[in-house]
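See structure below.
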Amino acid sequence: MGSIAGKKTDLYQNHVEANAKIVDFGGWDMPLNYGSQIEEHHAVRTDAGMFDVSHMTTVEVTGEDAKSYLQTLLANDVDKLQTSGKALYSGMLNEKGGVIDDLIVYFINNEHYRVVVNASTREKDLAWMSEQAKNFKVTVEENSDFAMIAVQGPNAIAKTNQVLSSVQQEAVKEMGVFFAVDSEGYFIARTGYTGEDGYEIMVPSNQASDFWNKLMKAGVKPCGLAARDTLRLEAGMNLYGNEMDESVSPLEANMAWTIDWKNESRNFIGKSALLSQKESGVKNKLVGLVLEGKGVIRSHMKVIVDGECIGETTSGTMSPTLKQSIGVARVPKTIGESVMLEIRGKLVPAKVVKPSFVRNGKALI
């Protein structure tokens, strides 16, 4: 494949050597697949697959006001993080309560947090974070010293541990979910975006290519963006720009659980907007859909009930695990058990389910 003039990760050459189909993704040249996205998908559900996620943006938040800054910036409360390495998922909201981005924040200590934000929203995230930092004694700096590799699947941890050093193996031994350890320059987190167990590992840039090759030798299958999307959708995980954006409140994006209301004196950005939404009643929610006729659900399809368009799909695909077409849609809270979708001018019936279809390799529907 010829190169596209995008930014390249430290693993770009590895992808080219593995005959990846390279596409533009948020300004980055990224692998879509290495041949069969279905095989890549199944590898993660049944064994172990790995993704280059180095395009994600890592931001170091440091300084004496680091904690109070993040307590204002994020809807979830970083005060929950008391142990070094503990992670938290949160939305970063605007004044209207819309989602600027969703992210993971890791607690290093009270004056140092590591935040990982999406690739496609990098510029606006960094600008927003810097703007909000002006009232605090805090430094917000992008960290480009790492590549990031996500290894996911039922055998991901066992296979990755084979290529970690003995010191690193010891460090991750007792590590719980949503925790990270810093060992010999590697930041190893037990997080992911597939509905399977595994690691997301920040590897020093100059060691990334070698580490990727070691994982391949240990039997971890390289996987591209296409499998990443079918996996996250089966797991019912939101994709920024699809299930939420700056016009969508977390209350309408199944993210209510990421808003921490406990500390009433904590005034986070977007709080008053969310409170008034709650008062006037949240109208919409995200639901899962399973197609009962022929076709494939895609985003932006009309959801029809009694001849009337009541919402639209936000994501959709053919599920490799379930061998059925699945999707997610934003619809009124009062939705019944079935709807019609407009697919190529025809109405096709779909069943309404919880928006989580497969977890830990098992079908939930």
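Bear in mind these aren't lab numbers, they're just calculated from the coordinates by the rules spelled out. Everything numeric in this text was worked out from a predicted model, so none of it was measured. Please note: Cβ atoms are built from the backbone with ideal geometry, for glycine as well, and neighbour counts cover all protein chains shown.
Remark: segment 100-115, residue by residue, has Karplus-estimated 3J(HN,Hα) of 6, 6, 10, 7, 10, 10, 10, 8, 9, 7, 4, 10, 8, 10, 10, 10 Hz, where x stands for each Gly or Pro and the curve is 6.51 cos²θ - 1.76 cosθ + 1.60 at θ = phi - 60°. A DSSP coil position with no more than 10 other Cβ atoms inside 10 Å describes the following trypsin sites (Lys or Arg not before Pro) in segment 261-309: Lys262, Lys294. Of the residues Leu286, Trp261, Val296, the one whose Cα sits farthest toward the positive end of the charge dipole of the chain, with +1 on the Cβ of Lys and Arg and -1 on the Cβ of Asp and Glu, is Val296.
Suppose we flag GluC sites (Glu not before Pro) only when DSSP calls them loop and at most 16 other Cβ atoms lie within 10 Å. Which is the longest uninterrupted stretch of the chain?
Working: sites that count: Glu64, Glu95, Glu111, Glu174, Glu184, Glu246, Glu264, Glu292, Glu337.
Longest stretch, sites excluded: 1-63.
Taking amide H as placed 1.01 Å from N in the peptide plane, Lys285 has its amide H under 5 Å from the amide H of Val331, Lys333, each at least 5 places away in sequence or on another chain.
Give me the extension gain from Ser144 to Asn263: residue separation times 0.36 nm, minus the current Cα-Cα distance, reported in nm with one decimal.
On the way: separation 119, 0.36 × 119 = 42.84 nm, distance 3.43 nm.
Gain on extension, Ser144 to Asn263, equals 39.4 nm.
Each of Gly307, Gly219, Leu32 was placed along the dipole of the chain (beta-carbon charges, centred on the mean Cα), and the one lying farthest toward the positive end is Gly307. FRET efficiency for the pair Leu126 and Asp306, taken as 1/(1 + (r/R0)^6) with r the Cβ-Cβ distance and R0 = 30 Å, rounds to 0.05. A cut-off of 5 Å between modelled amide H atoms, ignoring neighbours fewer than 5 places along the same chain, links Ser183 with Ile188. Taking amide hydrogens as placed 1.01 Å from N in the peptide plane, the amide H of Asp101 sits under 5 Å from those of Met92, each at least 5 positions away in sequence or on another chain.
Quick check of the Kirkwood formula: for the chain, what is the inverse mean of 1/r over all pairs of different Cα atoms, in Å? Before the final figure, lay out each step's value.
On the way: mean 1/r = 0.0467 Å⁻¹.
One over the average 1/r among Cα pairs gives 21.4 Å for the chain.
Computed from point charges on the beta carbon alone (+1 for Lys and Arg, -1 for Asp and Glu), the dipole magnitude for segment 190-236 about its Cα centre is near 160 Debye. The Rg/Rh ratio of segment 221-308, with Rg taken over Cα atoms and Rh as the Kirkwood radius over Cα pairs, comes to 1.05. Under a model in which nothing but the beta-carbon of Lys, Arg (+1) and Asp, Glu (-1) is charged, the chain shows a dipole of about 1100 debye around its Cα centre. With all projection directions averaged, the alpha carbon convex hull of segment 266-365 covers 8.3 nm².
Using C-alpha pairs under 8 Å with a sequence gap of at least 6, the mean separation divided by the residue count of the chain gives a relative contact order of 18 percent.
Is the shape of segment 1-97 rounded, prolate or oblate, going by the alpha carbon gyration tensor and its root eigenvalues a ≥ b ≥ c, with a/c under 1.5 for rounded and a/b larger than b/c for prolate?
On the way: a/c = 2.64, a/b = 1.98, b/c = 1.34.
The shape class here is prolate.
Dividing the convex hull volume of the Cα atoms of segment 52-185 by its residue count, what figure in Å³ per residue is obtained? Walk me through the intermediate numbers first.
Numbers: hull volume 16.0 nm³, N = 134.
Residue-normalised Cα hull volume stands at 119 Å³.
What pairs from Lys278/Lys354; Lys294/Lys351; Lys323/Lys346; Lys221/Lys285; Lys21/Lys354; Lys67/Lys124 go past 24 Å between their alpha carbons? Working shown, then result.
Numbers: Lys278/Lys354 22 Å; Lys294/Lys351 13 Å; Lys323/Lys346 21 Å; Lys221/Lys285 36 Å; Lys21/Lys354 33 Å; Lys67/Lys124 21 Å.
Violating the 24 Å Cα-Cα cut-off are Lys221/Lys285; Lys21/Lys354.
Taken as Cα centroids, segment 1-48 and segment 274-304 sit 31 Å apart, rounded to the nearest whole angstrom.
About the Cα centre, and with charges only on the beta carbon of Lys, Arg (+1) and Asp, Glu (-1), how big is the dipole of segment 223-365? Nearest 20 debye, please. It would help to have the intermediate numbers written out before the result.
Numbers: 20 positive and 15 negative charges, 82 e Å.
Result for segment 223-365 is approximately 400 debye, rounded to the nearest 20.
Per-residue 3J(HN,Hα) values for segment 285-294, derived from phi via the Karplus relation 6.51 cos²θ - 1.76 cosθ + 1.60 with θ = phi - 60°, read 8, 8, 10, x, 10, 10, 5, 9, x, 7 Hz in sequence order (x marks Gly and Pro).
Send over the semi-axes of segment 158-305's equivalent ellipsoid, whole angstrom and largest first, taken as the square roots of 5 times the C-alpha gyration tensor eigenvalues.
Values: eigenvalues 269, 117, 30 Å².
Computed over segment 158-305, the values are 37, 24, 12 Å.
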